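Only one structure is covered here, and it is reproduced in the block below.
The values are calculated or read from the model by the stated rules, or taken from the named source; none is laboratory data. Because the structure is a prediction, the values reported are computed rather than measured. A quick note on method: Cβ atoms are made from the backbone with ideal geometry, for glycine too, and the neighbour counts reach across all protein chains shown.
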Amino acid sequence: MAEKRITGHFDDAWLQVDKTDDPGFFVRFLDASRVRSLAFARQNPAMAFAHLALEPGLSVLDCGCGTGDILAIIAGLIAPGEACGGELSDTMLQEARRRVAAGGVTEAANLHFQSMDVQALPFPDQSFDRVLASQLLVHVPDPRGALQEMCRVTKSNGRVAIADMDWDSLLIGCGNKELGRRFTQLFADGVRNGLVVREYAGWLRAKGFSNVQIVPQPMVFESWTFVRDWIVAPALPAFVANGSMTAAEASALVEELSNRNENGQFFAASTLYTVTGQRG
Ligand SMILES: C[S@@+](CC[C@H](N)C(=O)[O-])C[C@H]1O[C@@H](n2cnc3c(N)ncnc32)[C@H](O)[C@@H]1O
């Protein structure tokens, strides 16, 4: 049987970036969707990473580090402490290493990337001071097992920080309320663990972590082009194919959102939550 062709960025595509028709899609997706947060982190690292209480000498593991841009900033803040980026995808690992090399260092003295699965981390217990995962656990088959692995490799007094979108918080302005809601709910349900962010605080407390904090960050998608290219267009064909929407409804949705944009009425938003906890 022919292998299922996965081209969107939801469903299980993030688990198999290297096997998709166009792995570069996922690198471009991260670049397009992280522009603002990356610029903010570069300009205001103290604010962007306040929840991590970073200081020179600490060690940091970023699980599912993608293109490694955030970890590269962190590496500068914790040097000479070790910054390790873990990835399942060779495409991402190559891209992360290429970016570090383009900055003039092949792998910076305190920054390196290695192949790993967050659900079975290749490290002994209590290896890192900070263990991060951003927009990763919504995709993995066993998010609680992954979180337990992250807790396991965190040192005593160290912190875990997990950031994810609650995909049920995706909102779009649409005159046809039912169609707009149907799209956002289908999208949320198309992400494997689209609502799992609601569980992290409880899971951390159950592991005995203290100072568990939940910080919401509203995200407004100002650009219709971004929402069209990275959220609506990759998702609609799947909804039409599985009968959740007719082709006419899909076209009507795109047309309406496009018209709203031309009239200055485009609105789309969602909420990212960062959950942190400290190991006793
Ligand atoms: C949505 S991206 C997030 C990347 C980065 N953390 C960010 O926020 O920009 C998810 C990343 O996790 C990687 N990934 C997927 N499953 C993984 C697993 N089981 N273990 C480690 N990384 C994984 C993917 O290859 C992808 O690069």
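Against the test of being touching a residue at least 24 places away in the same chain (Cβ under 8 Å), under 17 Å from the mean Cα position of the chain (by Cα) and near the ligand (Cβ under 9 Å from one of its atoms), the options Ala146, Ala161 yield a single qualifying residue, Ala146. Among the residues of the stretch 223-276, those identified as more than 16 Å from Arg182 (Cβ to Cβ), modelled with pLDDT under 95 and touching a Phe, Trp or Tyr at 6+ places or on another chain (Cβ under 8 Å) are Trp230, Pro234. Check the stretch 129-140 and report whether any residue there is surrounded by 24 or more Cβ atoms within 10 Å (Cβ to Cβ) and more than 15 Å from the ligand (Cβ to nearest atom). Checked the stretch 129-140: at least one residue is surrounded by 24 or more Cβ atoms within 10 Å (Cβ to Cβ) and more than 15 Å from the ligand (Cβ to nearest atom).
Quick one: would you say Ser258 is under 27 Å from Val153 (Cα atoms) and of a type outside the set (A, V, I, L, M)?
No: the conditions fail for Ser258.
Is the stretch 111-119 home to any residue that is free of Cβ contacts under 8 Å to residues at least 12 places away in the same chain, more than 30 Å from Glu256 (Cα to Cα) and more than 15 Å from the chain's Cα centre (by Cα)? No - not one qualifying residue is present in the stretch 111-119.
Among the residues of the stretch 205-212, none qualifies, meaning not one is at pLDDT 95 or above and farther than 26 Å from Ile162 by Cβ. The listed residues are Gln217, Gln185, and the only one of them that is under 15 Å from the mean Cα position of the chain (by Cα) and not acidic (Asp, Glu) turns out to be Gln217. For the stretch 143-177, the tally of residues that are of a type in the set (S, T, N, Q) and crowded, with 20+ Cβ neighbours inside 10 Å stands at 1.
From the list Leu170, Leu132, Leu137, the one residue that fits, being of a type in the set (A, V, I, L, M, F, W, C) and farther than 24 Å from Leu61 by Cβ, is Leu170.
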